[in-house]
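The values are calculated or read from the model by the stated rules, or taken from the named source; none is laboratory data. In this text the structure is predicted, and so the values were computed from the model without any measurement. Cβ: placed from backbone, ideal geometry, glycine included. Neighbour counts: every protein chain shown.
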């Protein structure tokens, strides 16, 4: 079984701080992040709801960075003493030196919480630490532990709110939402020992659609794998991925808490982008109009002069066109994009300058 007895868990938690784990409690929700990037969430009664949530970064069927096989501590996981973006914050950084296997990535994690909130926002900064360019597919590996019980949970996807719901009967509801992009894949299956194999991870991350409903039919319980469209990263480049994670006593309260988390994200990302801009960062705005049928305008702001690359990709990561590939001055820039000849659907535009990458989503409506 994937979990040991609860007594062992409790004893382990008592000594976890000495092994690099950081914890905060908002009063309504608590979060633990260990030295290798494992995220656990517990409710106001102290009951754990997630056995593990951790990041996945895949570049091929033989190269998927995951918690179980690859993650090693790079910068110690710790509470941030004076957080500026939230009331509580945990930070840690992880790389692949445990296994030495590809992909060579560095993941920096920030978990943000707010007093009284039954939700958190988690930021993953994913950096290509290798010598060659990669197309990085990023997702989560999610194992629930609802009210510290295994099995017979159900995973559903709310396509309107774009929220993953994990629940069992009238017990605590878990909600997760990818905030910074759109899910390209959601696949759930029954837990089994040793499931964490690169080729299998890659298959699940490239499932190609969002599974609407998965009912666990055993005491083992579900495992859910998410993914978004791949992002092209040159050596040294990085990009950010944000997820909301929330709890609720029922479906409605969980959804409400996800919305509150998204509101915090909208304010948080503005502050972070402003800070990045002040330190040679960039701001990539949402294209307008969006959705659109014929053409749209993409705008971005550069602090300093630099070599800029702006590309458009389809939903599965195929390059559609290059809009900019030249040196540009600092300041605001606007680029028009025509949808002539393209099918309706979701597309992504990626802006690159120096070692920084940002990606936004746009929708062509036909």
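For this structure, a couple of remarks:
- The one condition from (1) closer than 24 Å to residue 66 by Cα; (2) under 16 Å from the mean Cα position of the chain (by Cα) that residue 97 does not meet is (2).
- Count of the stretch 209-221 residues which are out of contact with any strand residue (DSSP E or B) (no Cβ under 6 Å at 6 or more places or on another chain) and under 16 Å from residue 137 (Cβ atoms): 1
- The stretch 186-222: number of residues that are within 25 Å of residue 257 (Cα to Cα) and either out of contact with any helix residue (DSSP H, G or I) (no Cβ under 6 Å at 6 or more places or on another chain) or not assigned by TED's automatic domain parsing to the domain that holds residue 262 (or both): 11
- Residues that are out of contact with any helix residue (DSSP H, G or I) (no Cβ under 7 Å at 6 or more places or on another chain) and modelled with pLDDT under 85 do not occur anywhere in the stretch 243-265.
- Residue match in the stretch 101-118 (condition: crowded, with 23+ Cβ neighbours inside 10 Å, in contact with a helix residue (DSSP H, G or I) (Cβ under 9 Å, 6 or more places away or on another chain) and not in a strand (DSSP E or B)): yes
- Residue within the stretch 70-84 that is within 16 Å of the chain's Cα centre (by Cα), within 25 Å of residue 119 (Cα to Cα) and surrounded by fewer than 21 Cβ atoms within 10 Å (Cβ to Cβ) present: no
- Checklist (1) more than 16 Å from the chain's Cα centre (by Cα); (2) buried (at least 21 other Cβ atoms within 10 Å of the Cβ); (3) touching a residue at least 40 places away in the same chain (Cβ under 8 Å) applied to residue 35, failing item: (2)
- Of the listed requirements (1) modelled with pLDDT of 95 or more; (2) within 21 Å of residue 259 (Cβ to Cβ); (3) surrounded by fewer than 18 Cβ atoms within 10 Å (Cβ to Cβ); (4) touching a helix residue (DSSP H, G or I) at 6+ places or on another chain (Cβ under 9 Å), residue 173 misses just one: (3).
- Annotation: residue 174 fulfils all but one of (1) more than 27 Å from residue 121 (Cβ to Cβ); (2) not in a helix (DSSP H, G or I); the unmet one is (1).
- Residues of the stretch 45-69 satisfying the condition of being loosely packed, with under 14 Cβ neighbours inside 10 Å and touching a strand residue (DSSP E or B) at 6+ places or on another chain (Cβ under 8 Å): 46
- Candidates are the residues of the stretch 278-301 that are under 24 Å from the mean Cα position of the chain (by Cα) and farther than 19 Å from residue 327 by Cβ; the one that is modelled with the highest pLDDT is 291.
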